[in-house]
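Structure first, commentary second.
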Amino acid sequence: MGILKNAEIFVTTLHKYQSFNHKGSYLKPAEYKTSNDFLRACHDAHNDEEEPVFMFTDWENMPNGLIDTFRLDETFFSLRDELDKMPDEKAEGFMAWIAYCNYDMRKFNIDALIEDFNEVFIGRYETEEDFAYEYVKQKTDLPVWVTAYFNYTRLAETLFSTDYIFYDCFVFRNWSHDRRRGRNSPPPIFEQRY
């Protein structure tokens, strides 16, 4: 089911909400193939009403812009399908990247977003210093004993003040910095791991 498997929505109805009836249930939209299947599950959960108007009053682990009080955007299901094609680490990196950029997913073509993400994604690192260490290892042919003299904390500060972004244990190329330099989409410093 992939990275969006933890997305949950509390589903109630407008009638219940206006009646101060807090009856509802959490549903996981990733468990349903399409938005129609999800809406059928909402109907089943509220079969005590003839024509319920569904309200989504709480949600967790949902990408920005894909849900509001009365609507779950169909983009959720196509995004889920695309993320399911990626290895888990890369899918988690994608979700971190869109959270960092604060993208409203309804306003972007998913294929274009994934293409942009692939241009900037470097990988998962526990700390900025871990990335700096690998950066030196990949960029130089220095013997290991020489690299022991590097100040990786200072190197990380420099790297992440200009060329790279560290967010939620993921490293991304700072695309806006590259654009200021006149480069549209430079090649990654490392080969893609996937």
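From the phi angles alone, apply the Karplus equation (6.51, -1.76, 1.60; θ = phi - 60°) to the range 120-126 and give each ³J(HN,Hα) in whole Hz, x where the residue is Gly or Pro.
10, 6, 9, x, 9, 9, 5
What length, rounded to one decimal in nm, is gained on full extension from HIS15 through to LEU39, with 0.36 nm per residue of separation minus their alpha-carbon distance?
7.0 nm
Over the range 20-61, average the accessible area per residue using a 1.4 Å probe and give it in Å², no decimals.
68 Å²
Once neighbouring chains are kept in place and the probe is 1.4 Å, which whole percent of the accessible area of the chain is contributed by carbon and sulfur?
Carbon and sulfur: 47 percent of the exposed surface of the chain.
What FRET efficiency would be calculated for the residue pair ASN6, THR162, taking the C-beta separation as r and a Förster radius of 30 Å, to the nearest 0.05?
E(calc), rounded to 0.05, equals 0.30.
Over the chain, what is the relative contact order in whole percent, taking alpha-carbon pairs under 8 Å and six or more residues apart?
18 percent
How much length is gained on full extension from ASP141 to ASP104, taking 0.36 nm per residue of separation minus their Cα-Cα distance?
Taking 0.36 nm per residue and subtracting the Cα distance, the gain is 9.1 nm.
For the cross-link pairs LYS85/LYS139; LYS85/LYS137; LYS5/LYS85; LYS33/LYS85; LYS16/LYS107, which exceed 21 Å when the distance is taken from alpha carbon to alpha carbon?
LYS85/LYS139; LYS85/LYS137; LYS16/LYS107
Given that just one value was derived from the coordinates, which of [x] 1.10; [y] 1.33; [z] 1.20 is Cα Rg over 2.2 N^0.38 Å?
Read-out from the structure maps to [y].
Enter the angle in degrees (range 0 to 90, nearest 10) between the Cα long axis of helix 88-101 and the first principal axis of the Cα atoms of the chain, meaning the one along which they spread out most.
90 degrees
The values are calculated or read from the model by the stated rules, or taken from the named source; none is laboratory data. Only a predicted model underlies this, so the values are computations on that prediction, with no experimental measurement involved. Note that each Cβ is placed from the backbone with ideal geometry, even for glycine, and that neighbours are counted across all protein chains shown. Calculation scope for accessible area: heavy atoms of the full protein, side chains included, ligands and nucleic acids excluded. Shrake-Rupley method; radii C 1.70, N 1.55, O 1.52, S 1.80 Å.
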